[in-house]
Structure formats: C-alpha cells, structure tokens
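Enquirer: Mind having a look at this structure? Questions to follow.
The values are calculated or read from the model by the stated rules, or taken from the named source; none is laboratory data. Please read all numbers here as calculations on a predicted model, not as lab measurements. Note that each Cβ is placed from the backbone with ideal geometry, even for glycine, and that neighbours are counted across all protein chains shown.
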Amino acid sequence: MNTNITRILLLSSLLFAFSCRSVGPKSVVRDRNAYLNAVSDSWKNQLLLNIVRMRYADAPVFLDVASIINQYEVSGSVSAGVALEQKGVGWNPSVNGVATFTDRPTITYSPLSGQQFALNLMKPISPAIIISLVYSGYPIDDLFRLTLNSINGMKNSFGGYVRQHAASPGFFEILETLRSLQKENGMDFLLEKTGTSDERILIEVVENTDSLVKANVQHLNHVLDLPASNTRFRIGRGIHHSDSLQIALSTRSILELLSEIASSIEVPREQLDAKVTYATPDFKMQDGRPEQPFIKIRSSKTPPEDPFISVLYHGYWFYIAMNDFMSKQTFSHILLLSSLIEVNDSKSAPIITIPAK
C-alpha cells in the first residue's frame, strides 16, 4: 500500500512540475531562427512573384509582416482513485495524468499601399543609396547597370515592354572602367558639405603611381567627355552633366528595376505563341556578344528540384536555380534596395491580424 501511494505522489509531483515549468527562455533561439527563415523565404517569394506578375502585365502587390506574437501554454492534471473489491476492502489504485502544450502564434500583416508608397515605388532611387552600397563593397558595375538609366546622357539598355532600347556605345565601357578602379582600390568616396545640411558625393582617384589606375582614369575621362587630367568626380542627378567635373546619374525607380528584371524571364514558348506576354529582347554588347540578364529566371511545368526560390503562377513554376550564384547575388541586391523604400503612409490599408494554426 505504501509503495502504491508513493508512486501516486511521485507522478503527481512530476505532472505539477511539468505544468509549472517555464518554456519561454528555451524557445527564443528555436523560434527566432524558425520565424527568421520563414519571413526571409516569404520575402523572397513575394519579390519573385511580383517580378513574374509584371512580365504578364499583372499589377505587383506587396504585403509586409508587421509583427509575430507567439504564446505558449503548458498545463497538466492528475487524478487518483481507489476501487473496492467484492470481498472486503482492498487497494486497487489508479492514476491518470494529462499534460498539454499549446503554441499559439498570431501574425499581423500590413498591406503596403497608399499614395506615398506608390509614389516611392515610382520615385528614382537616390544616388546616395547606390553609392553607399558601392562603398559597402557591392560591385559598382553590377549596381550601376541594375539601377541606372544613363550616365552623362549615355543610355543603359532597358527591356521593359513600353520603351525597349539597347545601350548607348560607351555605356558598358564606363562600367568596366569603374569596376577596374574598384578592384585596384583606385578610387575613394567622399562627402562634401555645400551648406548647412546639403552634402555632395565625390569620387576621388587615389594618388599612386599605378599605371593601370592612371590608364583607367584617362579612359574614364575620355568616355565621359571630361578633362583628361581630372581625378575628382562629383556625383550629380540628371541626364547631362552640368560642369566639367560632374558624373550625372539618371537612376531608375524600383518599378523600372523590377520591369527590367521581368523582361528577361525565360517564359514558356506556348505562352509567347498565345500572346499572353511579350518576347524577351535580344540586346547585344558593343563587341557583339549577347547581353546577359541580371537574373536568370527559368520556367517549368513541373516543380524544380532544389531551387533557391520558386513560385507557381498560372500553371507554371518560375524559379532561380540554387547553383546560379550571380542570379542569387543580384536578387539579394534587389531585396536590399527594395527594403530601403520608405513605406510609412497614414492612409495605408488596415492591418490584418491572423491567428496561425
């Protein structure tokens, strides 16, 4: 009898201890990593889907994850009883225990809309943002090709349906020269105060005796139609440079950038034949080589194996291959650029809160 009572008390103690145990601290690492991966994947998925939608003249739609609140509940109960035998009273102990663990996440979504958000999507990207990314180590040729419409009036190619055009002669020469200077650590970026709050961005060539750097600077000045001895360039915004020291950058908006990416999607042949989208432009480099797309977005009727990211749209899978490093890198650049847009708008759509199951 004493042994049975001891077992009942021991089991009761264990259930009580389990029901009172805190699960919060141990869940932080697990949940933070899980939600981080989930939000990251959904962010990539949303961007790729919007790029695909734009290729088919479908409006892009953005939805932000405003907050994630997770609640835990641990509860337990125990019951004990004694059964009577027909011949006398005897112990026939029984113990029942129940322990429950409940995980209740609540996710809040905020549709990104409203006048201010729409205007920011259509507003040219600030040259300061682009130069800051270059200063952080991003390849200057890739960023300029991705985010610029022109440099000192020399046009970048554009594949969007409304105003398709090839690049001007000399545009890619500028990018190659700037990339060479970046690789050789031949240039630096400075901020010059012009007043109480205004700042101008400068590109200054590092003084050294490197013949390659000097040759690149002379070539850059020649292509930009600037003085041959110039070693300091002032970054401006616009189509044409206003003085002999300026590099005028005409930047793209986020919508233009996404439209350019969308134009190079490898769409299915049957959809081109059905005229549900337009043909991919066939631009050439100055030496006759095909101009490579920023991101190789492939299509397939069946789900791709081990993609970096994939979305299903109108019966076809569109994806970026896991082994395509350059496409993945450029896609990450676009994610970062899009996150720099100011999205606050007091007239935006209401927040949507959904308990997840």
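Enquirer: Are there any pairs with C-beta distances below 7 angstrom linking a residue in the stretch 103-128 that is loosely packed, with under 15 Cβ neighbours inside 10 Å to a residue that is modelled with pLDDT of 65 or more and in a helix (DSSP H, G or I), with the two at least 6 apart or on different chains, and if so which?
Expert: Hits for this filter: 122/255.
Enquirer: What are the residues in the stretch 203-224 that are surrounded by fewer than 18 Cβ atoms within 10 Å (Cβ to Cβ) and touching a His at 6+ places or on another chain (Cβ under 8 Å), if any?
Expert: Scanning the stretch 203-224 gives no hits.
Enquirer: For the stretch 191-213, state whether one or more residues are modelled with pLDDT of 80 or more, charged (D, E, K, R) and out of contact with any Pro (no Cβ under 7 Å at 6 or more places or on another chain).
Expert: Checking the stretch 191-213: not a single residue is modelled with pLDDT of 80 or more, charged (D, E, K, R) and out of contact with any Pro (no Cβ under 7 Å at 6 or more places or on another chain).
Enquirer: Look at the stretch 114-165 and say how many of its residues are assigned to a helix (DSSP H, G or I) and charged (D, E, K, R). Walk me through how you get there before you give the answer.
Expert: So the first thing to find is which residues in the stretch 114-165 are assigned to a helix (DSSP H, G or I), and the list is 115-122, 127-135, 140-147.
Next cut, charged (D, E, K, R) only: 141-142, 145.
The number of residues fulfilling the criteria is 3.
Enquirer: Counting only residues that are over 25 Å from the mean Cα position of the chain (by Cα), part of a helix (DSSP H, G or I) and not aliphatic (A, V, I, L, M), which one in the stretch 166-193 is farthest from residue 240 (Cα to Cα)?
Expert: Taking the candidates together, the pick is 183.
Enquirer: Another one. What helices (runs of 4 or more DSSP H) completely inside the stretch 206-296 contain at least 3 residues that are within 32 Å of the chain's Cα centre (by Cα) and without any contact (Cβ under 8 Å) to a residue 24 or more places away in the chain?
Expert: Fully inside the stretch 206-296 and qualifying: 269-273.
Enquirer: Could you look through the stretch 265-316, keep only residues that are of a type in the set (S, T, N, Q) and touching a helix residue (DSSP H, G or I) at 6+ places or on another chain (Cβ under 9 Å), and pick out the one that is nearest to residue 47 (Cα to Cα)?
Expert: Taking the candidates together, the pick is 310.
Enquirer: Let me ask something else about it. Can you name the residue in the stretch 297-333 that is free of Cβ contacts under 8 Å to residues at least 12 places away in the same chain and more than 19 Å from residue 257 (Cβ to Cβ) and, of all such residues, is surrounded by the most Cβ atoms within 10 Å (Cβ to Cβ)?
Expert: It comes out as 312.
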